[in-house]
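The values are calculated or read from the model by the stated rules, or taken from the named source; none is laboratory data. Values in this document were obtained by computation on a predicted structure and should not be read as measured data. Cβ placement follows ideal geometry from the backbone for every residue including glycine, while neighbour counts extend to all protein chains displayed. Heavy atoms of the whole protein, side chains included, go into the accessibility calculation; ligands, DNA and RNA do not. Shrake-Rupley method; radii C 1.70, N 1.55, O 1.52, S 1.80 Å.
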Amino acid sequence: LSSQAQTVIESMALFDDGKIPQAVAQLNKLGQGGNADAQNMLGVLYDNGQGVAQDYKRARAWFEKAAAQGHASAQYHLGFMHEAGRGVAYSDKQALHWYGLAAAAANPNAQYRLAMMNLNGFGVKPNPVEARKWFARAAAQGDPHSQRQLGTLYAKGLGVAQNKVLAYMWLDIARGLG
């Protein structure tokens, strides 16, 4: 681990030990210094109101700083904020943009959300083939929601040839039986 990563880990240990003001101060120092992990963590804290007052504007600002450095989790969070219209104007186009960046960086949450938007036609024409691609990538990383959706696509023949064996397989894996 880099010294910066260890410091972010140390900051979160302070947070876990109930030393919240010290943890937030340390994360702020790291975030202001350009540490993308700290910036993302500050975004999460402000987004959820954990240890700080909930403030979507500050959350977005921290996520944007980390996302500009290619931080996939921050990109996912920005996508979610736009999809939900939380602290920003609702925008499927922006959600797709941020989810696309994070999904390409193998973030399974973003892959799942991108697949759902493609499946349901949010911001794009419904595209079960594209949805299947992203569900499969997230499912391969162990995401149970994507595994269940992939099983459903195989069961219904959406975006793939109908295949009951693969449907049952993915549904069993999603239930933890695979």
Enumeration of residues in segment 28-47 that are among the polar types (S, T, N, Q), closer than 18 Å to L14 by Cα and over 14 Å from the mean Cα position of the chain (by Cα): N28, N35, Q39
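Considering only residues that are assigned to a loop (DSSP other than H, G, I, E, B) and exposed (fewer than 10 other Cβ atoms within 10 Å of the Cβ), look in segment 1-17 and name the one that is modelled with the lowest pLDDT.
L1
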Residue in segment 142-169 that is least open to solvent (accessible area, probe 1.4 Å), counting only those that are more than 16 Å from M116 (Cβ to Cβ) and part of a helix (DSSP H, G or I): A167
Some residue of segment 128-151 being of a type in the set (G, A, S), touching an Asp or Glu at 6+ places or on another chain (Cβ under 9 Å) and modelled with pLDDT of 95 or more: yes
Residue that is most open to solvent (accessible area, probe 1.4 Å) [pool: residues in segment 48-61 that are within 17 Å of the chain's Cα centre (by Cα) and of a type in the set (G, A, S)]: A61
Pick from segment 62-80, criterion surrounded by fewer than 24 Cβ atoms within 10 Å (Cβ to Cβ) and of a type in the set (A, V, I, L, M), ranking: farthest from N48 (Cα to Cα): A68
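For A103, state whether it is touching a Phe, Trp or Tyr at 6+ places or on another chain (Cβ under 7 Å), open to solvent by less than 40 Å² (accessible area, probe 1.4 Å) and closer than 27 Å to D143 by Cα.
Here the answer is yes, as A103 does meet what is asked.
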Unique match (being free of Cβ contacts under 8 Å to residues at least 12 places away in the same chain and farther than 21 Å from Y112 by Cα) among A84, A13: A13
First in segment 44-65 and within 16 Å of K29 (Cα to Cα), second anywhere and in a helix (DSSP H, G or I) and open to solvent by 80 Å² or more (accessible area, probe 1.4 Å), Cβ under 6 Å, 6 or more apart: Y46/R58
Condition check for A139: over 24 Å from K93 (Cβ atoms) and either open to solvent by less than 40 Å² (accessible area, probe 1.4 Å) or part of a loop (DSSP other than H, G, I, E, B) (or both): yes
One residue from A53, A66, A103 being at pLDDT 95 or above, closer than 19 Å to M12 by Cα and touching a helix residue (DSSP H, G or I) at 6+ places or on another chain (Cβ under 6 Å): A66
